[in-house]
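What follows is a short report on a single structure.
The values are calculated or read from the model by the stated rules, or taken from the named source; none is laboratory data. Computed from a predicted structure; not experimentally measured. A quick note on method: Cβ atoms are made from the backbone with ideal geometry, for glycine too, and the neighbour counts reach across all protein chains shown.
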Ligand code: UFG
């Protein structure tokens, strides 16, 4: 098969590209940043529909994976226009170009953020949608747009609602690096590696056993597997749908720090700070639908293993400067 991976140079997209190439598919990455060496690269902004028309005129894709988005919840509150422009308007341009070219299959990176503050745990796909920030709303808007594009143009999509993507390529070639970094596990490991003075815990007064927030961490390689199954599902004639992707197990911020101490054998200094705005106390997935419909079986379900892979990547990352 021939696939376009939009955002294929990013954290999750790069793992997807590796997975697809290993499975024998032809892959082109659309990104403004260069993908891994040797990967075919269309350097373009998906907001540029004319550039996409040219690409789609040259390459006949069986499906598109769309990973490109801004992901910082806090920034989305202070700069909503940036999020709606990039995550919604640019996606609309991609969808229109797909319609122009007759490409009928899309796997879209959505988020647990579409649910907002959970009304019950674990969260299944039928849970009410109530995003509490522009980031989550941007993902939910695209999901709704996809419904209309299915109805009008027969564009079939699977929206994958990630919980907390974490870990790194088990073979050590790829890993997580955001600039600036806001995600818990890389921040903890940067503190363990001495690249940061400390990690800050945002709130110890939540209604959870140890008072810190609980999240469902899902290995990035297992996310890639789910995307591959999702595209198979679409190409086999599957209807538009959405799946939660998580392990169904919650770990608190303090538990993640404790596991990281055990995995790294390093000191990790911790500072306490007030709650971060917009953090729900507990987010845990019910991923039963992906398990039953896609036969998805996450492989790296232990948080220790997830952190070990991330640590392996952190240790080999060629940074010498201290950050933050
Ligand atoms: N946290 C800290 N200190 C930090 C960073 C995070 O205590 O320095 C805490 C947060 O308060 C949260 C947990 O660690 O309770 C995880 O935080 P992350 O920023 O790693 O992840 P989030 O749960 O906030 O966000 C993730 C994705 C978002 C997505 C969201 C909901 O990164 O893109 O899940 O789906 F919107």
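Identify the single condition in (1) away from the ligand (no atom under 15 Å from the Cβ); (2) in contact (Cβ under 8 Å) with a residue 24 or more places away in the chain; (3) surrounded by fewer than 19 Cβ atoms within 10 Å (Cβ to Cβ); (4) not in a loop (DSSP other than H, G, I, E, B) that residue 152 does not satisfy, given that it satisfies every other one.
Answer for residue 152: the failing condition is (2).
Do we have residue 175 as touching a residue at least 40 places away in the same chain (Cβ under 8 Å) and in contact with a helix residue (DSSP H, G or I) (Cβ under 6 Å, 6 or more places away or on another chain) here?
Judged against the criteria, residue 175 is a match.
Across the stretch 107-126, what is the total count of residues that are more than 26 Å from residue 6 (Cβ to Cβ) and in contact with a strand residue (DSSP E or B) (Cβ under 9 Å, 6 or more places away or on another chain)?
Number of matching residues: 5.
Counting only residues that are more than 25 Å from residue 235 (Cβ to Cβ) and more than 11 Å from the chain's Cα centre (by Cα), which one in the stretch 155-168 is farthest from the ligand (Cβ to nearest atom)?
Per the stated criteria, the residue is 168.
Okay, residues lined up against (1) touching a residue at least 40 places away in the same chain (Cβ under 8 Å); (2) within 16 Å of the ligand (Cβ to nearest atom); (3) on the phi < 0 side of the Ramachandran plot:
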| position | (1), (2), (3) |
| --- | --- |
| 285 | yes, yes, yes |
| 290 | yes, yes, yes |
| 302 | no, no, yes |
| 305 | yes, no, yes |
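Examine the stretch 5-18 for a residue that is away from the ligand (no atom under 16 Å from the Cβ), in contact (Cβ under 8 Å) with a residue 24 or more places away in the chain and more than 30 Å from residue 132 (Cα to Cα), and state whether such a residue exists.
Within the stretch 5-18, one or more residues are away from the ligand (no atom under 16 Å from the Cβ), in contact (Cβ under 8 Å) with a residue 24 or more places away in the chain and more than 30 Å from residue 132 (Cα to Cα).
Among the residues that make up the stretch 60-83, is at least one of them part of a strand (DSSP E or B) and within 16 Å of the ligand (Cβ to nearest atom)?
yes
Looking only at the stretch 128-149, filter to residues that are without any contact (Cβ under 8 Å) to a residue 24 or more places away in the chain and surrounded by fewer than 19 Cβ atoms within 10 Å (Cβ to Cβ); which one of those is farthest from the chain's Cα centre (by Cα)?
148
Does the stretch 255-268 contain at least one residue that is over 14 Å from residue 307 (Cβ atoms) and in contact (Cβ under 8 Å) with a residue 60 or more places away in the chain?
Yes, the stretch 255-268 contains a residue that is over 14 Å from residue 307 (Cβ atoms) and in contact (Cβ under 8 Å) with a residue 60 or more places away in the chain.
Being more than 16 Å from the chain's Cα centre (by Cα), more than 15 Å from the ligand (Cβ to nearest atom) and farther than 24 Å from residue 132 by Cα is true for just one of 89, 97. Which residue is that?
97
Do we have residue 265 as at pLDDT below 95, at positive phi and surrounded by fewer than 18 Cβ atoms within 10 Å (Cβ to Cβ) here?
no
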